[in-house]
Amino acid sequence: KTKAYYSICDYGDGWSQGCSIYSSDVDKNGVFSNEMALPASVNAENSSNTQPSIGQNAAGNEVLYFVSDRKGGQGGRDIYSVVLNGYTSLTNLTSVNTKDDEISPFYHNNTQTLYWSTEGREGYGGFDLFSLKDGKNTPELLPAPYNTSMNDMFYFMNDATPISEHLFHYMTQKPVSR
């Protein structure tokens, strides 16, 4: 079985009032079962916890990266990590987070690199895509065409193909032409 991680949000007056991260088992037919909310170390009370992404740290442990607006962070929304085996070692990624918002974390296992979007660093404008390789302390701005003057986010790279054949996916918010 495979495990899936996702957010479920409560809405009031048409706006999200808070999200929690859940996991479910997924069988070979894509059927979900055994849904459970992750523990309070992940789903902090009175906060929104969302955008889960799974990676593997240098020790080989599965790590959950996620976004939260919990108290004690560096800004509005910060990226956190927690080791999945027991949900221990909750870490605010201080080398990633700023006083503004960070969103859409994605950890690429083959290159041991975290990708995310932020509006709190010098870039092209709006949310920009950054990366941080394990063992490094300085985030790097992805160049154009990955970043534009609009909001660039939700970067994803396929782990299954050789590095020379990687497919990159991301979303850019562009103005509508009329």
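The values are calculated or read from the model by the stated rules, or taken from the named source; none is laboratory data. Bear in mind the structure is a predicted one, so any value in this text is a computation, not a measurement. Positions of Cβ are generated from backbone atoms using ideal geometry, with glycine treated the same way; all protein chains shown enter the neighbour counts. Remember, those area values only see protein heavy atoms, side chains included, never the ligands or the DNA or RNA. Shrake-Rupley method; radii C 1.70, N 1.55, O 1.52, S 1.80 Å.
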Item to check | Electrostatic dipole magnitude of the chain [Cβ: Lys, Arg +1; Asp, Glu -1; Cα centre; debye, to 20] | outcome: 120
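Using the Cβ atoms and a cut-off under 14 Å, what net charge is assigned to the surroundings of Leu142, where Lys and Arg are +1 and Asp and Glu are -1? Intermediate results must be reported in sequence, preceding the final value.
Values: positive: Arg121, Lys133; negative: Glu122, Asp128, Glu140, Asp152.
Summing Lys/Arg as +1 and Asp/Glu as -1 gives -2.
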Next on the checklist: Given the whole protein assembly as supplied and a 1.4 Å probe, what does the accessible area of Phe32 come to in Å², nearest 10?
Outcome noted: 110
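Please arrange Thr94, Thr50, Thr113 by accessible surface area, largest first, computed with a 1.4 Å probe and ligands excluded. Provide the component values of the computation, followed by the final result.
Values: Thr94 95, Thr50 30, Thr113 10 Å².
The ordering from most to least exposed comes out as Thr94, Thr50, Thr113.
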Checklist entry - Which FRET efficiency value, to the nearest 0.05, is calculated for Thr2 and Thr94 with the Förster distance at 30 angstrom and r the Cβ-Cβ distance? => result 0.40
Item to check | Solvent-accessible surface (1.4 angstrom probe) belonging to Tyr80, in square angstrom, nearest 10 | outcome: 10
Checklist entry - Which is farthest toward the positive dipole end of the chain among Val82, Pro139, Phe154, measuring Cα position about the Cα centre, with Cβ charges +1 (Lys, Arg) and -1 (Asp, Glu)? => result Pro139
Next on the checklist: Take Asn158 and Cys9, extend 7 Å from each Cα along the Cα→Cβ direction, and tell me the distance between the two endpoints in nm.
Outcome noted: 2.9
Checklist outcome for this item: Rounded to the nearest whole number, the Stokes-Einstein translational diffusion coefficient of the stretch 100-156 at 37 °C and 0.692 mPa s (Kirkwood radius, C-alpha pairs) in µm²/s is 293
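Taking Cα pairs under 8 Å and at least six residues apart, what relative contact order does the stretch 1-113 come out at, in percent?
Details: 248 pairs, mean separation 21.7, N = 113.
Once normalised by length, the contact order is 19 percent.
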Next on the checklist: What figure, in Å² to the nearest 10, do you get for the accessible area of Tyr124 with a 1.4 Å probe and non-protein molecules left out?
Outcome noted: 100
Next on the checklist: Taking amide H atoms as placed 1.01 Å from N in the peptide plane, list the residues 5 or more away in sequence, or in a different chain, whose amide H sits under 5 Å from that of Leu38.
Outcome noted: Ile21, Tyr22, Ser23
Checklist entry - Protein chains only, probe 1.4 Å: how do Trp15, Trp116 rank by accessible area, largest first? => result Trp15, Trp116
Checklist outcome for this item: Per its Cα gyration tensor (rounded if a/c is under 1.5, else prolate when a/b beats b/c, else oblate), the chain is best filed as rounded
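For the stretch 14-94, which semi-axes, largest first and in whole Å, follow from the square roots of 5 times the eigenvalues of its Cα gyration tensor? List each step's numbers first, then the result.
On the way: eigenvalues 95, 66, 21 Å².
Result for the stretch 14-94: semi-axes of 22, 18, 10 Å.
Excluding Ala37 itself, calculate the net charge of residues whose Cβ lies under 15 Å from the Cβ of Ala37, where each Lys or Arg counts +1 and each Asp or Glu counts -1.
Values: positive: Lys3; negative: Asp10, Asp25, Glu35, Glu45.
Value of the local net charge: -3.
Report, please, the projected area of the stretch 1-48 averaged over directions, based on the convex hull of its C-alpha atoms, in nm². Walk me through the numbers before you get to the answer.
Details: hull surface 15.7 nm².
Average projection, Cα convex hull of the stretch 1-48: 3.9 nm².
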Item to check | Sequence of Phe106, Phe66 when ordered by accessible area, the most exposed leading, probe 1.4 angstrom | outcome: Phe106, Phe66
Item to check | Distant-in-sequence amide H partners of Ser47 (H built 1.01 Å from N, under 5 Å) | outcome: none
